[in-house]
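What follows is a short report on a single structure.
The values are calculated or read from the model by the stated rules, or taken from the named source; none is laboratory data. What you are looking at is a predicted structure, and each value in this text was computed from that prediction instead of being measured. Because the Cβ atoms are built from the backbone with ideal geometry, glycine has one as well, and the counts that use them run over all protein chains shown.
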Amino acid sequence: MHDRLTQSMRASHLLALLFVLASLALAAMGTATDDTFYLRLGTEALIFAGLALSVDLLLGYSGVLSLGQALYFGIGAYVSALTLMKVPSFWLAMAAAFTASLLAAIIGGLIANRVRGVYFALITFGLAQVLAKVVYNTRELGSSDGMIGIPVIEIAFGPFSVSTGSPVGFFLIVLVVIMALYALTAYLLDTPFGRVLTALKSNERRVPFLGYSAWRARMAAYVLAGVVAGLSGALYPMLRGFVSPELMFFATSGNAVISVVLGGVGTLAGAIYGSVLLVILKSIIGSWTEHHLIVIGLIFMLCVLFLPKGLAGVLRPPVEAWLSRHRRIPGPVPDAPVLPAIAVDTKAAPQ
Amino acid sequence: MKTATITPIAAGLLAATTLAGSAFAQSGPIKIGVVTPLSGTYTPIGQQVRWGLELAAKEINAAGGIAGRQVNLLFEDEEANPSVAVQKAEKLFQVEKVDFLTGTVNSGSTLAVAQLAERNAKLAATTVSFADSITTDKCSPNMFRVNARAEQQSVALAAWLAKEKPKAKVFYLGPDYEMGRSTVAAFKSSAEKGGAQSGGEVFAPLDSKDYTQYFGQIRAARPQVVYTSVAGNDTVRLLTQLQDFGLLSGLTVVGASGTVTSQNITAIGAAAEGFATGVGYSPQIDSPANKKFVAAFREANKTDPDLYGADSYGLLFAYKAAVEKAGSTETDKVREALRGLSWQTPQGTKTIRAGDHQAMQPMYVVRVTKGKFDIIDNVSSENAIGPDTCTRF
Amino acid sequence: MTPVLDIRDLGVSFGGLKAVDQVSFQAQRHRITTVIGPNGAGKSTLFNLISGALRPHRGQVLIDGVDMTGAAPERTKAAGLSRSFQITSLFSELTVAENLRLAAQVLEPVGRTLLPISRSTRALAKTGQMLDRFQLAHKRDDLVGNLSHGDQRRLEIAVCLASEPKILLLDEPTQGMSHGDTAATAELVRGLTDDVTVLLIEHDIGLVMSLSDHVVVMHQGRKLAEGSPDVVRADPAVQAAYFGHA
Amino acid sequence: MTPVDYLQFVLAPQVVNGLALGIAVVLVALGLTIIFGMLDVINMSHGEFYAIGAYAALALGAAGVGFWFLLILVPVLMVPLGMVAERLLIRPVFDTKDRHVTTLLVTFGLGLIVEDVLKIIFGANTQRPPTPIPGATEILGIILPNYRIFLILVGVAIVLGVAYVVYKTRLGAMVRAAAFDRNMAASLGVPVSLVYAGTFAFGVSLAGLAGVLLAPIYSVFPTMGRDFILLAFTVVIVGGMGSIWGAVVAGLLLTQVQALASLIISPVWTDPIVFGTMVAFLVFRPQGLFGRLGHA
């Protein structure tokens, strides 16, 4: 028996699958034409899609807007960079980024989860702002210049290995990592734990009376989102060979929020689509006019006003309809008899 | 739907560029990529860079181009963000197949682009970033700097100060980030070699709204000179607030080359009077080459060039000279040609030191008089340059 | 036998106002105990103290003999206490079935928390059972926000029951209902006592008298009287304070 | 430095200058707190409206309009702008479930656009109108520019005026009623939708006025809107959403904390300290110093 949420999640999976197929097509075409730039741009879009995914996990599921998710992205990127400069190991860098973003998200979550709503947005904004300033002023982290010189590394899988310098190879690695993060979050949302998160967004005050700790669920979602952002961030220095404090700035967090809104809040797959869409928009508009802020701002505003479910709001319903036709899920019975507003339990009265 | 759109675009552009790349590489126009901030706080600097380069390209093209090939400038907005700069630079290198790259402003972008140039086996140059690290400990065989670095500026200014105000008590006020601190430290060490004594130092956060909170310390220290390395809007606030509080009388304010520029001098107004700095360029330089440049620049852009515009203008002539000397646009050959190259610019003869890719040039001390920078002193390029500490090549 | 819910000397005050003051009573297993009193008597505050929404300043709440005073809502829930709200509180963006399943999920062993929802077989079975029992099966996939007021009130009771509680606190389940609906709800509540102990807040005096096994009368935060409906009705203090105004 | 020097040259001016900055912050936060408190709308573009006010003053001033007239003219011109923004951007999403997040996002988008438009119209360079009241006055050995003294006085007058309108007039009562319970207010004959639009426009107009007043001190540039916004939000939260007195007390207090922290600890730590104050308030007293206007 599948319910509506499982059904929508399946529609998201189908969109994600389409995305993977399109990515593979791009990879094939890129290899055929010996392309570097588009593959690496695609890789970057995927990395930022991971950040958007973490914003959507918070906004779309537990219902809180983080304006500072770049904090964890940046922590992942810096820790990965520091690790790679000492030991050129992909796995070690990912493990270090995981640990660091996990710890940071626990601390950040303890602070931010004391409040919700707009206060949550402002607190996450402030947290990221303060840490970005600290990094900006820390000589050991390259201060305002950031750190260059992160080496190109070989990523080993048993007997095979892929170089981060190979455009198509690394593109595929990042695709695998980001889709794995997608799969992990999507899976978790379709568990009893995920349902509690969904409930939080809908009516947080009711949740404790059903026997679930709202704080724990929110905390778990926040930490999960922090780790997703951190692991995505860890990939950045492998692609670009440097990190800079701008990765933690509001512009980065803001772009992730824009991506999620464009792609469709609460759909996960939408966040990935939105992120790629934003990169394409910026790339096209950026070459055409330096006033890209106006265009992006306008599209964003129109999207919030007239397309509140984003791109996925357009794409997903037909997919859902198609899915339900092909799976024969019993929908609401149209010709059910109209029952009285209160149905009387047929059990006999006591005593 | 959207994934469907990326592929045709990608494919189309790829097809176009592979054609362009192979068929016209040595005969079509020479492409020069410009990755510079066209939006955000650094826009005014990006504008000067753009205007300087455009003027130079126009003049070079009118005179027959570089080795008979026209120069084609391709601009991208880097938003003063290294992540964006690298992405745009890669686009220019990989898709547009540019032969040369310039334009980065903040040192983070310049350093990141230098590394990218190395990995793409291309050359790049900065005409703005003055952080010493770019041609010292973080120097790159693929990055050149044609503008004066922080130390050249400090040396020139300190030399003048030692003459003008011997043994002056100097108060230092810098923006609180790496660049601001290192600039203050560099000037302080130069000035103290010349006999100046310190009246204290303070670092204000970037984008401070109010500098009045530091005025108490300045007043109590009773310095004769205040040195500052703040820039942009921060300078406007600092100097006008100093004026409003009546601190400017009897005080000499000196600073970094980016402190008072043509972008903010109008906004600062009378508070800028008497401000002195060490720079590699001033529109006042009294040479026929400079007069011609200033007139042409003013004609094209309705405003005076500043050091960013002039250094950017000069860069294209260095590249022209190098390509013509090398007889090619190939990276290794052009790099060899640029090393040790001497060429003429509006600010006089510049020479690129082979050891660290830093341009040596005569330095000027300029002071604001009636809203214009007047040259009041100069230091020869040999005396200003400082030792070569680059060890990578 | 220990009473399933034992309230001892419970009190809380806001500012200087004693909203609930020295209230003690017990609710017996499989019986309907009703709390009545004029507006502002402290009935809903009492429910908040029992369910963990508020922390009492004095007194004790014992569930099945275990002290649960001041425990968070999720802990009183785990101890077997479910409650509804005076103003319907459901998950309006979720469907009827999803609301029920969410409540029934607590029946699952902890190990299934991170397994796919389709493995939560007990919750799924319970959901189906509640849908049938409350005759909501034909609306299982409707969004709760689109249901009628009556359906929502009914669903709220179903949601409370889906987690198989020992004690059910119902805060004015007939609030805003027509006469017909009220009678039907009364029948429904009566039928619940096979499974649970019911603690009720109700304004409809006729309903209270016909439905309750035990009545607690509150007035200005204090317990005025308690006993069987007949005893309470006959109490002169209650007559004066409550029925006098009714 | 002798203790007397320290007091006269360092500590006292720090406190007095902090006061002027505090008034500036209060002026920016005032409109924000009114929109926030009465409409429950997060106006992320408030800083950009402040910038519009400053640019309007600059452009009209250059066209020959006197400073004193600008103080009236610019806020009046901002009213229709605020009305239109409310009608087009706030009204359509006002009744969505998550009003905070939606209005925050819409106004964030608006902010991006306004910033870029200002750059197209006025260029990227910093500009500054002349100081309307030049000169400085020495009070007890503390030198204070005349314009700052004027700013402090005008700031106090504006705060009192706004407080009078909101708390003492029939208009203010209508607005507070509409904020407290829209349906009840409507049934009492309050034109709720006009009141909402008017309140938003009033907040926007106050931002514009702050722009006119602060432009001579803090100069004018396209990204100036971002300058005060974090501090203004902090002030609004610490003071209590929608509380005018809260904004005043919090604005003055926070700028003093900032001034003294930068003096005693280090300028670098002012941001974390101010932010830490905000976090502490959110955690321990989310209703702020004075609670919430219209929401007792």
Confirm whether C:Leu114 is in a helix (DSSP H, G or I) and of a type outside the set (Gly, Ala, Ser).
-> no
Scope the range D:117-162; condition more than 19 Å from D:Leu71 (Cβ to Cβ), among the charged types (D, E, K, R) and buried (at least 20 other Cβ atoms within 10 Å of the Cβ); matching residues | D:Lys119
Is at least one residue of the range C:44-65 away from chain A (no Cβ under 14 Å) and touching a Lys or Arg at 6+ places or on another chain (Cβ under 6 Å)?
-> yes
Would you mind telling me which numbered condition in (1) out of contact with any helix residue (DSSP H, G or I) (no Cβ under 6 Å at 6 or more places or on another chain); (2) part of a helix (DSSP H, G or I); (3) of a type in the set (Gly, Ala, Ser) A:Ser161 fails?
-> (2)
A careful count of residues in the range A:113-125 that are modelled with pLDDT of 85 or more and among the small types (Gly, Ala, Ser) gives 1
Could you check the range A:1-109 for helices (runs of 4 or more DSSP H) lying wholly inside it with 3 or more residues that are at pLDDT 95 or above?
-> A:37-56, A:70-86
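Hey, can you tell me all the residues within the range B:336-348 that are assigned to a strand (DSSP E or B) and modelled with pLDDT of 90 or more?
Matches in the range B:336-348: B:Ser342, B:Trp343, B:Gln344, B:Thr345.
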Residue match in the range B:312-325 (condition: of a type outside the set (A, V, I, L, M, F, W, C), at pLDDT below 90 and buried (at least 19 other Cβ atoms within 10 Å of the Cβ)) | no
Just name the residue that is farthest from the other protein chains (Cβ to nearest Cβ) out of those in the range B:193-213 that are under 17 Å from B:Leu248 (Cα atoms) and hydroxyl-bearing (Ser, Thr, Tyr).
-> B:Tyr211
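Only one residue in B:Ala186, B:Ala191, B:Ala196 is surrounded by 20 or more Cβ atoms within 10 Å (Cβ to Cβ) and out of contact with any Leu (no Cβ under 9 Å at 6 or more places or on another chain), so which one is that?
Numbers: B:Ala191 fails: out of contact with any Leu (no Cβ under 9 Å at 6 or more places or on another chain); B:Ala196 fails: out of contact with any Leu (no Cβ under 9 Å at 6 or more places or on another chain).
Going through B:Ala186, B:Ala191, B:Ala196 in turn, the sole match is B:Ala186.
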All-but-one check, D:Gln258 against (1) surrounded by fewer than 24 Cβ atoms within 10 Å (Cβ to Cβ); (2) in a helix (DSSP H, G or I), failing number (1)
Taking helices (runs of 4 or more DSSP H) that fall entirely within the range C:127-242, which contain at least 3 residues that are crowded, with 21+ Cβ neighbours inside 10 Å, at pLDDT 90 or above and away from chain A (no Cβ under 14 Å)?
-> none
Could you grab me the full set of residues in the range A:156-212 that are surrounded by fewer than 17 Cβ atoms within 10 Å (Cβ to Cβ), within 14 Å of chain C (Cβ to nearest Cβ) and over 23 Å from the mean Cα position of the chain (by Cα)?
-> A:Arg205
Matching residues, the range C:90-100, being more than 16 Å from C:Gly150 (Cβ to Cβ) and either within 7 Å of chain A (Cβ to nearest Cβ) or in a loop (DSSP other than H, G, I, E, B) (or both) = C:Phe91, C:Glu93, C:Leu94, C:Thr95, C:Ala97, C:Glu98
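Yes/no matrix, rows are residues, columns are (1) in a strand (DSSP E or B); (2) charged (D, E, K, R):
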site: B:Cys139; (1), (2): no, no
site: B:Ala156; (1), (2): no, no
site: B:Phe171; (1), (2): yes, no
site: B:Ser189; (1), (2): no, no
site: B:Glu201; (1), (2): yes, yes
site: B:Ser208; (1), (2): no, no
site: B:Gln217; (1), (2): no, no
site: B:Ala220; (1), (2): no, no
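If you go through the range A:82-91 one residue at a time, do you hit one that is within 14 Å of chain D (Cβ to nearest Cβ), surrounded by fewer than 23 Cβ atoms within 10 Å (Cβ to Cβ) and of a type in the set (Lys, Arg)?
Step one: list which residues in the range A:82-91 are within 14 Å of chain D (Cβ to nearest Cβ), which gives none.
Scanning the range A:82-91 turns up no residue that is within 14 Å of chain D (Cβ to nearest Cβ), surrounded by fewer than 23 Cβ atoms within 10 Å (Cβ to Cβ) and of a type in the set (Lys, Arg).
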If we keep only residues of the range D:133-173 that are outside any helix (DSSP H, G or I) and within 26 Å of D:Ala29 (Cβ to Cβ), then the residue farthest from the chain's Cα centre (by Cα) is D:Ile142
Of the conditions (1) within 14 Å of another protein chain (Cβ to nearest Cβ); (2) in contact (Cβ under 8 Å) with a residue 12 or more places away in the chain; (3) assigned to a helix (DSSP H, G or I), D:Arg176 clears all except one; give me its number.
-> (1)
Which numbered condition trips up B:Leu53, out of (1) surrounded by 20 or more Cβ atoms within 10 Å (Cβ to Cβ); (2) in contact with a Lys or Arg (Cβ under 9 Å, 6 or more places away or on another chain)?
-> (2)
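Give the range A:130-153 a look and list any residue that's touching a Phe, Trp or Tyr at 6+ places or on another chain (Cβ under 8 Å) and either away from chain B (no Cβ under 12 Å) or at pLDDT below 85 (or both), or say none.
If the condition is that a residue be touching a Phe, Trp or Tyr at 6+ places or on another chain (Cβ under 8 Å) and either away from chain B (no Cβ under 12 Å) or at pLDDT below 85 (or both), then A:Val130, A:Tyr136, A:Asn137, A:Ser143, A:Ser144, A:Ile153 are the ones that fit.
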Mind listing just one residue for me: the one in the range B:141-154 that is crowded, with 24+ Cβ neighbours inside 10 Å and part of a loop (DSSP other than H, G, I, E, B) and, of those, nearest to the other protein chains (Cβ to nearest Cβ)?
-> B:Arg149
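Could you identify the single residue in B:Tyr281, B:Tyr308 that is crowded, with 17+ Cβ neighbours inside 10 Å and either at pLDDT 90 or above or outside any loop (DSSP other than H, G, I, E, B) (or both)? Explain how you work it out, then say what you get.
Working: B:Tyr281 fails: either at pLDDT 90 or above or outside any loop (DSSP other than H, G, I, E, B) (or both).
Only one candidate qualifies: B:Tyr308.
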Which is outside any loop (DSSP other than H, G, I, E, B), within 14 Å of chain B (Cβ to nearest Cβ) and without any contact (Cβ under 8 Å) to a residue 40 or more places away in the chain, of D:Ile273, D:Ile229?
-> D:Ile273
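Going residue by residue through the range D:48-60, is there one that turns out to be of a type in the set (D, E, K, R), crowded, with 20+ Cβ neighbours inside 10 Å and at pLDDT 90 or above? Even if it seems obvious, please write down each step before you answer.
Step one: of the range D:48-60, the residues of a type in the set (D, E, K, R) are D:48.
Next, only the ones that are crowded, with 20+ Cβ neighbours inside 10 Å stay: D:48.
Within this subset, residues satisfying the condition of being at pLDDT 90 or above are D:48.
Yes, the conditions are met somewhere in the range D:48-60.
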Among the numbered conditions (1) among the β-branched types (Val, Ile, Thr); (2) closer than 19 Å to D:Val28 by Cβ; (3) at pLDDT below 75, tell me where D:Val268 comes up short.
-> (2)
Is there a residue in the range B:298-305 that is touching a strand residue (DSSP E or B) at 6+ places or on another chain (Cβ under 9 Å), over 30 Å from B:Phe215 (Cα atoms) and of a type outside the set (A, V, I, L, M)?
-> yes
A:Phe98 vs (1) buried (at least 24 other Cβ atoms within 10 Å of the Cβ); (2) away from chain B (no Cβ under 14 Å): all pass except (1)
Is at least one residue of the range B:97-119 surrounded by fewer than 22 Cβ atoms within 10 Å (Cβ to Cβ), assigned to a helix (DSSP H, G or I) and at pLDDT below 90?
-> no
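Taking the residues in the range B:228-240 that are more than 10 Å from chain D (Cβ to nearest Cβ) and without any contact (Cβ under 8 Å) to a residue 60 or more places away in the chain as candidates, determine which candidate is nearest to the chain's Cα centre (by Cα).
The initial filter retains those residues of the range B:228-240 that are more than 10 Å from chain D (Cβ to nearest Cβ), namely B:228-231, B:238-239.
In the following step, the residues that additionally are without any contact (Cβ under 8 Å) to a residue 60 or more places away in the chain were identified as B:228-231, B:239.
On the way: B:Thr228: 18, B:Ser229: 15, B:Val230: 15, B:Ala231: 13, B:Leu239: 22 Å.
My answer is B:Ala231.
For the range B:324-335, check the following and say yes or no: at least one residue is under 29 Å from B:Ala156 (Cβ atoms), outside any strand (DSSP E or B) and among the aliphatic types (A, V, I, L, M).
Step one: of the range B:324-335, the residues under 29 Å from B:Ala156 (Cβ atoms) are B:335.
Pick out the ones that are also outside any strand (DSSP E or B) and you get B:335.
From what is left, the residues that are among the aliphatic types (A, V, I, L, M) are none.
Scanning the range B:324-335 turns up no residue that is under 29 Å from B:Ala156 (Cβ atoms), outside any strand (DSSP E or B) and among the aliphatic types (A, V, I, L, M).
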